[in-house]
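The values are calculated or read from the model by the stated rules, or taken from the named source; none is laboratory data. Remember, predicted model here, so these are calculated numbers, not experimental data. Positions of Cβ are generated from backbone atoms using ideal geometry, with glycine treated the same way; all protein chains shown enter the neighbour counts.
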Amino acid sequence: MKLLASLALTPLLSAQLMYVGTYTEPQSNSKGIYAYRFDAKTGKVTPLGLVSETPNPTFLAVHPNGKYLYAINEVDTYHGAKAGSVTAYAIDKASGKLTELNQVSSGNSGPCHIVVDATGKEVLVANYSGGSFASFPVLADGKLGEAASVIKLTGSGPDKSRQAQPHAHSVVLTKNNKFMMGGDLGTDRVMIFQLDPAAGKITPNTPPSASVKPGSGPRHLAIAPDQKHVYVLSEMASTVTIFEFDANTGAMKDIGVVSTLPEDFKGKSTTAEIEIDAKGQHVYASNRGHDSIAVFDVDPKTALLKLVQNVSSGGSTPRAFVIDPSGNFIVAGNQKTNNFSVLKIDHATGKLTPVGDKVELGAPVTFAFVK
């Protein structure tokens with residue numbers, strides 16, 4: 001199925017609205033953010049077209065009220081300053097169209113991840129190149145205020161080619177909306193911050209971080225539904241580190257690590273995305289190089305992981321994927337083969353099976369659903 005940017009944005013009200021963030025020129029022929037209807041019963045996707053022409057809107061986040069969408073622009077210059085940007089949009093649920101509300105500096109260069117807090121009052125961003133985490137107040141009309149916090153990290157890791165400085169790589173929130181955590185690839189730490197939605201700010205927690213094995217390069221992380229464990233995906237080591245987690249204090253304790261790759265794999269590969277299902281029974285992680293989604297069983301007693309499947313992502317370089325709101329499918333973007341795939345989840349085993357045709361789209365990265 002080919003994406004046609006000229007398609008009319010006609011409503012298909014029987015399916016979920018899904019937005020796709022992409023890399024744009026010079027990496028691909030993509031032009032920005034695209035919209036689709038996603039059928040949660042069949043996994044079928046129907047293209048609605050290009051809904052925002054904007055540079056490198058790689059990661060997206062939807063406001064809890066479903067009225068607004070926020071996108072990072074993964075660039076290194078904003079109005080002459082060394083920074084990326086964050087763009088706010090109003091959502092037309094009937095057509096999928098986006099209307100730009102405003103744009104602000106991300107605080108540092110190379111923003112690479114974004115979330116909205118549970119109250120809808122605060123947007124959080126990780127700046128990879130700039131090595132910082134930033135927070136932004138959400139105004140009453142959905143627009144973003146200028147950054148209320150920009151916390152610059154310090155330190156380095158043992159791999160001087162990739163860890164000469166901090167590289168903030170992700171932001172994730174606890175269910176109680178008390179903490180924001182994020183992987184710092186450059187220093188092998190998971191940073192922990194306290195949220196202040198009323199002011200739109202973040203402040204370092206005590207303890208301020210947890211560490212993975214030196215040289216691992218933590219990237220993204222997933223918090224178990226019961227909030228008692230955190231699964232940290234390390235890009236450079238292709239591993240998941242399992243932590244016990246105290247949702248009241250933010251403290252984390254390393255209890256184990258597992259590879260995302262088959263034992264007989266000898267090539268080069270790095271990880272990218274990690275998700276956990278709603279019941280906390282299965283963890284999923286993407287491998288770029290092996291070009292697969294790793295499927296893990298979660299031990300109900302120990303929370304440790306057992307690798308049970310590596311299934312093709314349907315293309316090359318699965319940078320990100322999401323579990324759809326129904327919990328029945330994974331949608332995986334394949335950056336270098338310019339397509340994304342839909343895989344059905346077997347809830348009993350957690351294993352994945354491809355369904356439908358691959359969808360052609362230039363350098364897809366991530367997917368955001370509107371409730």
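List of remarks:
- Selection count where residues are in a strand (DSSP E or B), closer than 23 Å to Phe38 by Cα and among the hydrophobic types (A, V, I, L, M, F, W, C), scope region 89-109: 3
- Residue match in region 253-267 (condition: under 15 Å from Val172 (Cβ atoms) and at pLDDT 95 or above): no
- So Ala5, is it in contact with an Asp or Glu (Cβ under 6 Å, 6 or more places away or on another chain) and either among the aromatic types (Phe, Trp, Tyr) or at pLDDT below 95 (or both): no
- Comparison of Asp291, Asp264, Asp297, Asp324 shows that the only residue that is touching a residue at least 12 places away in the same chain (Cβ under 8 Å) and farther than 28 Å from Asp357 by Cβ is Asp297.
- When Glu74 is tested against (1) within 19 Å of Gln335 (Cα to Cα); (2) of a type in the set (Asp, Glu); (3) over 20 Å from the mean Cα position of the chain (by Cα), only condition (3) is not met.
- Single residue of Thr337, Thr349, Thr366, Thr302 found to be within 28 Å of Lys31 (Cβ to Cβ), assigned to a loop (DSSP other than H, G, I, E, B), β-branched (Val, Ile, Thr) and modelled with pLDDT of 95 or more: Thr337
- Scan of region 168-211 for residues that are outside any strand (DSSP E or B) and aliphatic (A, V, I, L, M), ordered by number: Val171, Leu185, Ala198, Ala199
- For region 238-254, residues that are under 16 Å from Phe296 (Cα atoms) and hydrophobic (A, V, I, L, M, F, W, C) total 3.
- Gly256 being over 21 Å from Gly333 (Cα atoms) and either assigned to a strand (DSSP E or B) or touching a Ser or Thr at 6+ places or on another chain (Cβ under 6 Å) (or both): yes
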